[in-house]
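The values are calculated or read from the model by the stated rules, or taken from the named source; none is laboratory data. Bear in mind the structure is a predicted one, so any value in this text is a computation, not a measurement. With ideal geometry, Cβ positions are generated from the backbone for all residues, glycine too; neighbour counts draw on all protein chains shown. Keep in mind that these areas ignore ligands, DNA and RNA; they rest on the heavy atoms of the full protein, side chains included. Shrake-Rupley method; radii C 1.70, N 1.55, O 1.52, S 1.80 Å.
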Amino acid sequence: MELAQWLNERLKDRRDIVSQRIDQGKFACTVYYMAEAIDLEMLQTHVLRTLIAPYAGSDQARLSDILEHRSYFPTPYSLTRLPEAALEGLLNGQVVLCIDGETAGVLFPFKKTASRSVTVSENEKTIRGPKESFIEDIWTNLSLIRQRIKSDNLITETFTIGTESHTTVMLLYMKGRCDDELAGTIRSKLQGLKTDRLPGSSFLEEALDDRLASPFPKMLNTERPDVVVSSLYEGRIALLTDGSPSNLVAPATLLSFMQSAEDYYQRYFYSSWVRVLRYVFFGLSLILPSAYVAITTFHPEMLPYNLLISIASSRDIVPFPAIVEALIMEVTFEVMREAGQRIPTTIGQTISIVGAIVIGDAAVQAGIVSAPMVIIVALTGISSFIVPHFSMTLTVRFLRFVLVFISALFGLLGLLIGVFFIYIHLLSMDSFGTPYLSPFIPFKPEQMRDAAGRFPWTKWLGGKRT
């Protein structure tokens, strides 16, 4: 069956497909393309005008120029003899030329894409670093990386995932720096991924995760090209997903989520100090409400006498136990945080701040919660924002509720047991073969130059970070 006949049968009910017939005696052909999806000026200039123009040679010579020599059209094009491949190219925005009597199809890359320009990153801002961020077009994202890595050691492998969506995914790694086993593992997972659609990088992240029960993320998602480039130099792999401005880096450890791009654009002693603060307040945001509930409920004798009197007097009019008080404030804080993200940017922050002040003050005045609890929840919420990556912030927010419930039932013993199980869970985790607590556990002295702190660039420039 000729390709044109096969396409006519498959596309007879598609009104968005345009077919244009060109008949020049014995040489006849049909051009197929999607309306509003291609560059009509390029189609007119490079294909239609060439087909309509008189040809001095024979029809056989014209076919030879088109199919064999590929010199007939003044633009690059490809050939396919698979009807499914021609249909896939057509639905992907390419122009398909079918010649009567031939089973081969000619594909022209005249796709017109609607994409926004490269802008400043909204979620990962820096003061001294580059301002560019990824967009939804995968080829633009690849060019942003190529501008920073001008080496033939950058390997790019392309995959098409989704029987219906046909989403393009690119696997990037540096030859000689990335472990071959890591690249092979990711490659085999992508090749074995069977699904009808892949809407974005978040779906790809879950599809590649073998341990979905864990609340801790195993892949770092970022919309900054410089973060991806640095990760590639460190021997990691990057996954670019078409249609998603947030791309993935693996493997990712706990240390990866404590590092910010700003750390590498400021002086090393300041970056080291801020990174230590992140670890301290990361632990504080995780256990502070639980410790308060446990101590005020089961262990008030642990508090200094003056502090105990102050807390007891503030809770004297509160009709709820500490666990209910903590849940009221934590849930209220979560609601305000989510509402602030959904409200338009121009008024979102104002409403969040005013709402927190008004609701907190009104709750204390009404005797629903105590002032120390408002302080604890506010400090905890602010501390969670010091974690640079939002995916780890979500993990802390979830585990905080778990520890509050355990502490309300078993006191400090329950809190210690909960923290111990989190620690055991982290010890048992790995991200594509890399221990999650590396380089702390197992301890790797050669990688400590960029772990809890950052050494000066001159001490380790040219080597892997972590």
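For the criterion of being at pLDDT below 85, part of a helix (DSSP H, G or I), open to solvent by 60 Å² or more (accessible area, probe 1.4 Å) and not charged (D, E, K, R), V331 fails.
Please indicate, with yes or no, whether at least one residue in the stretch 344-355 is polar (S, T, N, Q) and either at pLDDT 75 or above or under 12 Å from L288 (Cα atoms) (or both). Looking for residues that are polar (S, T, N, Q) and either at pLDDT 75 or above or under 12 Å from L288 (Cα atoms) (or both), one finds none in the stretch 344-355, hence no.
Residue-by-condition table, conditions (1) outside any helix (DSSP H, G or I); (2) within 26 Å of S271 (Cβ to Cβ); (3) of a type in the set (S, T, Y); (4) in contact with a helix residue (DSSP H, G or I) (Cβ under 6 Å, 6 or more places away or on another chain):
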| position | (1), (2), (3), (4) |
| --- | --- |
| V377 | no, no, no, yes |
| I382 | no, yes, no, no |
| P388 | yes, yes, no, no |
| V396 | no, yes, no, yes |
| I406 | no, no, no, yes |
| V419 | no, no, no, no |
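Close contacts from the stretch 120-142, counting a first residue that is without any contact (Cβ under 8 Å) to a residue 24 or more places away in the chain and a second that is among the aromatic types (F, W, Y) and open to solvent by less than 40 Å² (accessible area, probe 1.4 Å), with Cβ to Cβ under 7 Å and a gap of 6+ residues or different chains, come to none at all. Inside the stretch 423-454, residues that are over 25 Å from the mean Cα position of the chain (by Cα) and aliphatic (A, V, I, L, M) make up a count of 3.
Residues are listed down the side, and each one gets a yes or a no for (1) within 30 Å of L172 (Cα to Cα); (2) not polar (S, T, N, Q):
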| residue | (1), (2) |
| --- | --- |
| Y264 | yes, yes |
| F269 | no, yes |
| R275 | yes, yes |
| S290 | no, no |
| M302 | no, yes |
| F320 | no, yes |
| V331 | no, yes |
| V335 | no, yes |
| Q341 | no, no |
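Quick one: in the stretch 191-221, which of the residues that are closer than 22 Å to D179 by Cα and crowded, with 19+ Cβ neighbours inside 10 Å is nearest to the chain's Cα centre (by Cα)? Looking at the filtered set, the residue picked out is N221. I'd like to know if the stretch 425-445 contains one or more residues that are loosely packed, with under 14 Cβ neighbours inside 10 Å, of a type in the set (S, T, N, Q) and at pLDDT below 90. The answer is no, given that none of the residues of the stretch 425-445 is loosely packed, with under 14 Cβ neighbours inside 10 Å, of a type in the set (S, T, N, Q) and at pLDDT below 90.
Could you please let me know if S407 is out of contact with any Lys or Arg (no Cβ under 8 Å at 6 or more places or on another chain), more than 28 Å from I186 (Cα to Cα), polar (S, T, N, Q) and open to solvent by less than 30 Å² (accessible area, probe 1.4 Å)? Taking the combined requirement at face value, the residue satisfies it. Among residues of the stretch 423-446 that are free of Cβ contacts under 8 Å to residues at least 24 places away in the same chain and among the hydrophobic types (A, V, I, L, M, F, W, C), those with a Cβ under 8 angstrom from a residue that is surrounded by 12 or more Cβ atoms within 10 Å (Cβ to Cβ) and assigned to a loop (DSSP other than H, G, I, E, B), sequence gap 6+ or separate chain, pair up as L427/Y436; L427/L437; L427/I441.
Out of all the residues in the stretch 155-184, which are open to solvent by 50 Å² or more (accessible area, probe 1.4 Å) and over 22 Å from G243 (Cβ atoms)? Once the filter is applied, which keeps residues that are open to solvent by 50 Å² or more (accessible area, probe 1.4 Å) and over 22 Å from G243 (Cβ atoms), the stretch 155-184 yields K175, G176, R177, D179, D180, E181.
Counting residues in the stretch 21-32 that are under 43 Å from the mean Cα position of the chain (by Cα) and open to solvent by 50 Å² or more (accessible area, probe 1.4 Å) gives zero.
Only one residue in R315, R224 is among the basic types (K, R), modelled with pLDDT of 85 or more and buried (at least 19 other Cβ atoms within 10 Å of the Cβ). Which one? Working first, answer last.
Values: R315 fails: modelled with pLDDT of 85 or more.
It is R224.
Counting only residues that are in contact (Cβ under 8 Å) with a residue 24 or more places away in the chain, hydrophobic (A, V, I, L, M, F, W, C) and out of contact with any His (no Cβ under 7 Å at 6 or more places or on another chain), give me the helices (runs of 4 or more DSSP H) lying completely in the stretch 186-271 with at least 2 of them. Walk me through how you get there before you give the answer.
Details: elements: 201-207, 225-233, 254-258.
In the stretch 186-271, 225-233, 254-258 are the helices (runs of 4 or more DSSP H) which contain 2 or more residues that are in contact (Cβ under 8 Å) with a residue 24 or more places away in the chain, hydrophobic (A, V, I, L, M, F, W, C) and out of contact with any His (no Cβ under 7 Å at 6 or more places or on another chain).
Determine whether the stretch 33-41 contains at least one residue that is open to solvent by less than 30 Å² (accessible area, probe 1.4 Å), out of contact with any Pro (no Cβ under 9 Å at 6 or more places or on another chain) and part of a loop (DSSP other than H, G, I, E, B). Yes: one or more hits.
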